[in-house]
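Have a look at the structure below before the remarks.
The values are calculated or read from the model by the stated rules, or taken from the named source; none is laboratory data. Given the structure is predicted, the values throughout are model-derived calculations rather than measurements. We place every Cβ from the backbone using ideal geometry, glycine too, and count neighbours over all the protein chains shown. Each accessible area value is taken on the protein alone, full model and side chains, heavy atoms only, with ligands, DNA and RNA left out. Shrake-Rupley method; radii C 1.70, N 1.55, O 1.52, S 1.80 Å.
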Amino acid sequence: MSRVRADEEEYWHSSKFRAFTFDDEDDELSQLKESKRAVNSLRDIVDDDDDDLERVSWSGEPVGSISWSIKETASGSTSSLDGRDSSLQKGSSSYAALPKQASSYSLSSLFKGRNKLSSFQSLSDALTDTGVKNYAPELRRPKAEYKDYSGDWSPKDTVRRMQRGKVCSLERFRSLQDKLVLLDEAVAGHDGNVITAVLIFLKRTLRREILFRELEVRQVALCHLIHFLRETGEQKFLLDLLRFLDRTEEVALSQYREHLNIQDVEKRREFLKGCIGLPFSAEDTSHIQDHYTLLERQIIIEANDRHLEMAGQSELFRKYPRKASILNMPLVTTLFYSCFYHYTEAEGMFSSPTNLKKTFKIPDKQYVLTALAARAKLRAWGDVDALLTTKNWLGYTKKKAPIGFHRVVEILQRNNAPVQVLQEYVRLVEDVDTRLNLATKYKCHDVVIETYRDLKDRIQLTAYKGKVERGSAEEEKINSILSNT
């Protein structure tokens, strides 16, 4: 029995197959299997690509080239594996134990920027995949957006997409007919932004003569372009367009508008002098002439007043220093300045208010309103009275206000006129209700009492008695009127 047991143990130990022992970890075959499994598992974790090394296929061509992609696409997985094994045998034998997976790249996937096996990879994998980013960025636009740039849209569809805020390329419209159809569709859409965008495209891609000729029969688009050129300040292009359209007056006005960009006073004066001969209408020509004359007067007044102010020879300039220069100011501002600093000067002086009124034909209403505001600001009540006093041919004097005495009262009150001065002009207001409202508002008690007396309204007069101070002259006046039967 012991012999049989010994024979069995010898049999098992002498066989080419061995039983499992814990010493198998040192076996070379198991080490090879473990290394292969480790390599295969690493392939799932670590990317096969190396950013620092060029990827080369077994045929010797760089991975990602057009010829490599075509070969990889045309060959099957089996043939590619066979070819790869044969090339391995001819090449280095150090990689014979590492089977190469079938290529996951194709010509279409090369241009799309991803391989077949990575179609379902997660976002984190996509961001860390260094192999994919060699061919395309990680985040790409949706496919629908590429149609905005490369789609074969008709002019009508293009205008509709632009109205919806889509970015559309207009460069595909190359022929003149296509561009004009695009412009007509934009005008028909009644969207000013789209019309302006199309006009900018036509302005950039068409010759001026052709563009002007086509716009001449498209008035809506023409008005849009003229407004756009004025807003952007493209003066030369605008003048060429207006000359082509034979709009001589608009050409002259556009040239005249250039004076706003001239800062030097003497150069602006010379420019305005040259504008007088431009083909303006009769009314506009007189305005240009007045502008030139006014600037000449302002230059003279400014030089004299600056000298007086610096020399300290005028008490008015010392008491009320000038806040700004008179140059390039409007006519009304110049008149107010003249009424404020030069009111008493003779008519022959350029700075005289009457000289300005006569030279520029200022209406009486405008002159009285401006002069009244200037003299009231200086609290020159005597000048206010003289301004509103007129004489008839018999020598009788009377108060007259072209602007209405109610406005005179408002201006005087705004400049803190005394009650005695206000009452004098409140009495001259013709409308009874307006007079009572102004007198009550500005506490002109005598005017209120006299008005109720003239109206013989004892009830209102009695009610107003409670609004005046007790023991005052106004209360005594009311009592005297009420006691008179």
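Numbers below:
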| item | result |
| --- | --- |
| Size of the range 186-266 as Cα extents on the principal axes (Å, biggest first) | 49, 24, 21 |
| Label-point separation in nm, Lys156 to Asn416, each point 7 Å along Cα→Cβ | 7.4 |
| Which of Trp393, Val419, Ile403, positive extreme of dipole for the range 376-442 (C-beta unit charges) | Trp393 |
| Net length gained if the chain between Glu283 and Ala380 were fully extended (0.36 nm per residue, minus Cα distance) | 31.1 nm |
| Accessible area in the full protein assembly, largest first, 1.4 Å probe, for His291, His307 | His307, His291 |
| Simple Cβ-charge dipole of the range 216-295, Lys/Arg +1 and Asp/Glu -1, about Cα centre, in debye nearest 20 | 140 |
| Sparse-neighbour loop sites [trypsin sites (Lys or Arg not before Pro); the range 342-412; at most 11 other C-beta within 10 Å; DSSP] | Lys361 |
| Semi-axis lengths (Å, descending) of the ellipsoid that matches the C-alpha gyration tensor of the range 444-484 | 14, 11, 9 |
| Using a Förster distance of 35 Å, the FRET efficiency for Lys323-His190 (Cβ separation, nearest 0.05) | 0.10 |
| Size of charge dipole - the range 297-378 - debye, nearest 20, with Cβ of Lys, Arg +1 and Asp, Glu -1, no other charges | 240 |
| Cα centroid separation, the range 209-263 to the range 427-484 (Å) | 65 |
| Over the range 162-247, relative contact order from alpha-carbon pairs under 8 Å, at least 6 apart, % | 22 |
| Equivalent ellipsoid semi-axes - Cα gyration tensor, the range 333-389, angstrom | 17, 12, 10 |
| Coil-residue GluC sites (Glu not before Pro) of the range 173-260, DSSP, other Cβ within 10 Å capped at 10 | none |
| P(r) weight above 19 Å for the range 376-442, C-alpha pairs, percent | 31 |
